[in-house]
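Have a look at the structure below, then the notes.
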Amino acid sequence: MKQLNKNNFTKKTRPVKILQFGEGNFLRAFVEWIIQDMNDKGVIDAGVAVVQPMPVGRVENLEAQNGLYTVCLEGIDKGEIVKTRQIIDVLEDFINPFTQYDKYLEYAKSADLEVVISNTTEAGIALNADDTDFTKCPVSFPGKLLAFLKARYDHFNGAEEAGLAIVPCELIDHNGAVLKEVLNQLAAICGYDADFINWMNNANHFTETLVDRIVPGYPRDTVESIWEETGFKDDNVVKAECFHLWVLKKEPVVEARFPADKTGLNVIFADDITPYKQRKVKILNGSHTAMVPIAYLSGIDTVSESLNDPDVGEFVRQLIFDIVNPTIDLPQDQMKSFADSVLERFKNPFIRHELMSIALNSTTKFKTRLLPTYNDYIAKFGKAPRHILFAFASLVVFYRGKRRDADIALNDAPEYIDFWTKLWQNECYTKIAEGALSASNLWDQNLATDETVALVASYIKDIIENGERAALQNFLKA
């Protein structure tokens, strides 16, 4: 079988107009898939240079196939089974800035470049005040972007037309505004002058976004059959559901340079993305994050298995309809319709969405995906939502790093792993619960009250002594 590369598949060369931070499954199955559609329909003619945000990543694998890879979409759309295979050819260049920093900064001089897109996870857009040595590759994403913008400003002598459309896809509130603020903070720490800071803020155009597509990634169990269907051996196959939604806040320059709404796909430029954001993040992402430790510690490995499990499935259903939906200020018939569609997507029989792939950066995800519902529920009903506290207790036990007798491959920021490791040196469940709930450095608030500490400690005790499933069954009966 032929290897998928430009020797065996005709690849069109396009000018690099888009710089993309991130090379993970989601960007390849969502953003690059949309860019492919835009190119194919003549809306734009743009290639992508992909920047690896971390020292370890996939740019070498992608470059080995000249950026060619297969997107497999499988699901149910309006009652019809959808199965498609599409080879994506929009990737033109591949940069590991940790080993190719000069090459990375060379792109700052490109007159063709128009757009920056990023997805560096929720933890990616954060200020690292020590990340100021731009003689070498900065550690943080904002550091890399600031170094790039400063190099571009210097090369083009502050020309306004050299500014970029900046489109972050990280799943945090007001992602564009937050990224801009972090860049300003870091620029001030670096001592950059007012002329550059004005150029950064006014010549560059930041928008806010919401992205929605379930992307389980590499289909290990079925990849050989996919190779047979396409006729190519492809080590970068990525699998996703057919549903997709991209909402971008209206910004004239971004709309002009990146008119992704012009191809007929489910892409919207909206005056306010907040209602879309709340609905999606609280229901879909929130239930994902709550589900992971509960289902995984119960011996389940995938999302679809979780929803089909009578205990976990009932917990998720109760969480969505009894806890989340009442906190969103939209008509409840619309909320029910969207929630039903999410549960249907979770049960997609064609998608093997590994719980451990969702578990990446679970500490930050709990804060961004579940705490808004937690706080809104308390504000509305005057009491803490038990379902979220049970999910929290399960998360605490998950970070103990054990599922039965096997180690869990925890994947989070080192400082968070260190926090959880030290916390579990306690043997008292109450102290563990209090330590976790009161960690304001993790949650940006103190969650510890007499009620929450007692409840979480009791849930942790039940999980440790009787197992996650028995504890979940006890919770559902209460």
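The values are calculated or read from the model by the stated rules, or taken from the named source; none is laboratory data. Because the structure is a prediction, the values reported are computed rather than measured. A quick note on method: Cβ atoms are made from the backbone with ideal geometry, for glycine too, and the neighbour counts reach across all protein chains shown. To get the accessible areas, we keep the full protein, side chains included, count just its heavy atoms, and leave off ligands, DNA and RNA. Shrake-Rupley method; radii C 1.70, N 1.55, O 1.52, S 1.80 Å.
Given (1) open to solvent by 10 Å² or more (accessible area, probe 1.4 Å); (2) on the phi < 0 side of the Ramachandran plot; (3) outside any strand (DSSP E or B); (4) not charged (D, E, K, R), identify the lone condition not met by ALA29.
Only one criterion in (1) open to solvent by 10 Å² or more (accessible area, probe 1.4 Å); (2) on the phi < 0 side of the Ramachandran plot; (3) outside any strand (DSSP E or B); (4) not charged (D, E, K, R) is unmet by ALA29, namely (1).
Which of the residues that make up segment 51-64 are farther than 19 Å from LEU179 by Cα and either open to solvent by 20 Å² or more (accessible area, probe 1.4 Å) or not in a helix (DSSP H, G or I) (or both)?
Taking segment 51-64 as the starting set, the residues that turn out to be farther than 19 Å from LEU179 by Cα are 55-64.
Passing the criteria: PRO55, VAL56, GLY57, ARG58, GLU60, ASN61, GLU63, ALA64.
Looking only at segment 252-271, filter to residues that are in contact with a strand residue (DSSP E or B) (Cβ under 8 Å, 6 or more places away or on another chain) and of a type in the set (Val, Ile, Thr); which one of those is surrounded by the fewest Cβ atoms within 10 Å (Cβ to Cβ)?
Applying the filter and picking the extreme gives ILE268.
Name the one entry in ALA111, ALA129, ALA147 that is crowded, with 22+ Cβ neighbours inside 10 Å, of a type outside the set (D, E, K, R) and on the phi < 0 side of the Ramachandran plot.
Values: ALA111 fails: crowded, with 22+ Cβ neighbours inside 10 Å; ALA129 fails: crowded, with 22+ Cβ neighbours inside 10 Å.
Unique residue meeting the criteria: ALA147.
Looking at (1) at pLDDT 95 or above; (2) touching a Pro at 6+ places or on another chain (Cβ under 8 Å); (3) closer than 30 Å to TRP420 by Cβ, can you tell me which one LYS380 breaks?
It fails just one condition, (3).
Can you name the residue in segment 233-251 that is open to solvent by 10 Å² or more (accessible area, probe 1.4 Å) and in contact with a helix residue (DSSP H, G or I) (Cβ under 9 Å, 6 or more places away or on another chain) and is also farthest from SER304 (Cα to Cα) among such residues? I'd like the intermediate steps shown before the answer.
Taking segment 233-251 first, the residues open to solvent by 10 Å² or more (accessible area, probe 1.4 Å) are 233, 235, 239, 242-245, 249-251.
So of that shortlist, the ones also in contact with a helix residue (DSSP H, G or I) (Cβ under 9 Å, 6 or more places away or on another chain) come out as 233, 235, 239, 243-245, 249, 251.
On the way: LYS233: 27, ASP235: 25, LYS239: 15, PHE243: 16, HIS244: 18, LEU245: 21, LYS249: 32, GLU251: 38 Å.
Here the residue is GLU251.
Each row is one residue, and each column tells you yes or no for (1) open to solvent by less than 10 Å² (accessible area, probe 1.4 Å); (2) touching a helix residue (DSSP H, G or I) at 6+ places or on another chain (Cβ under 8 Å).
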position: ILE300; (1), (2): no, yes
position: PRO331; (1), (2): no, no
position: LYS336; (1), (2): no, yes
position: PHE346; (1), (2): yes, yes
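I need the helices (runs of 4 or more DSSP H) fully contained in segment 394-468, keeping only those with at least 2 residues that are hydroxyl-bearing (Ser, Thr, Tyr). Talk me through it step by step, then tell me what you get.
Details: elements: 414-423, 429-437, 440-443, 450-466.
Result: 414-423, 429-437, 450-466.
Which of (1) out of contact with any Cys (no Cβ under 6 Å at 6 or more places or on another chain); (2) touching a residue at least 40 places away in the same chain (Cβ under 8 Å); (3) closer than 22 Å to MET54 by Cβ is the odd one out, the single condition THR132 does not satisfy?
Unmet condition: (1).
Hey, which of the strands (runs of 3 or more DSSP E) in segment 73-134, taking only ones fully inside, have at least 1 residues that are aromatic (Phe, Trp, Tyr) and under 28 Å from ILE214 (Cα atoms)?
Once the strands (runs of 3 or more DSSP E) in segment 73-134 are filtered for at least 1 residues that are aromatic (Phe, Trp, Tyr) and under 28 Å from ILE214 (Cα atoms), what remains is 91-95.
Mind checking whether some residue in segment 365-386 is open to solvent by 20 Å² or more (accessible area, probe 1.4 Å), assigned to a loop (DSSP other than H, G, I, E, B) and farther than 24 Å from ALA126 by Cβ?
For segment 365-386, residues open to solvent by 20 Å² or more (accessible area, probe 1.4 Å), assigned to a loop (DSSP other than H, G, I, E, B) and farther than 24 Å from ALA126 by Cβ: present.
Please state which of the following conditions GLY124 fails to meet, knowing it meets all the rest: (1) buried (at least 19 other Cβ atoms within 10 Å of the Cβ); (2) modelled with pLDDT under 95; (3) more than 17 Å from GLN20 (Cβ to Cβ).
The number of the failed condition is (3).
Which of the following residues is among the β-branched types (Val, Ile, Thr) and either open to solvent by 20 Å² or more (accessible area, probe 1.4 Å) or modelled with pLDDT under 95 (or both): ILE226, ILE214? It would help to see each step written out before you state the result.
Details: ILE226 fails: either open to solvent by 20 Å² or more (accessible area, probe 1.4 Å) or modelled with pLDDT under 95 (or both).
Residue meeting the stated conditions: ILE214.
List pairs: first in segment 456-467 and closer than 12 Å to ILE432 by Cβ, second among the aromatic types (Phe, Trp, Tyr), Cβ under 7 Å, 6+ apart or cross-chain?
Here the result reads VAL456/PHE392; ALA457/TYR429; TYR459/PHE390; ILE460/TYR429; LYS461/TYR429, each pair linking segment 456-467 to a residue that is among the aromatic types (Phe, Trp, Tyr).
Does segment 254-273 contain at least one residue that is under 27 Å from VAL43 (Cβ atoms), of a type in the set (Lys, Arg), at pLDDT 95 or above and in a strand (DSSP E or B)?
Looking through segment 254-273, none of the residues is under 27 Å from VAL43 (Cβ atoms), of a type in the set (Lys, Arg), at pLDDT 95 or above and in a strand (DSSP E or B).
Kindly indicate whether any position in segment 282-291 is open to solvent by 50 Å² or more (accessible area, probe 1.4 Å) and assigned to a helix (DSSP H, G or I).
Taking segment 282-291 as the starting set, the residues that turn out to be open to solvent by 50 Å² or more (accessible area, probe 1.4 Å) are none.
Looking through segment 282-291, none of the residues is open to solvent by 50 Å² or more (accessible area, probe 1.4 Å) and assigned to a helix (DSSP H, G or I).
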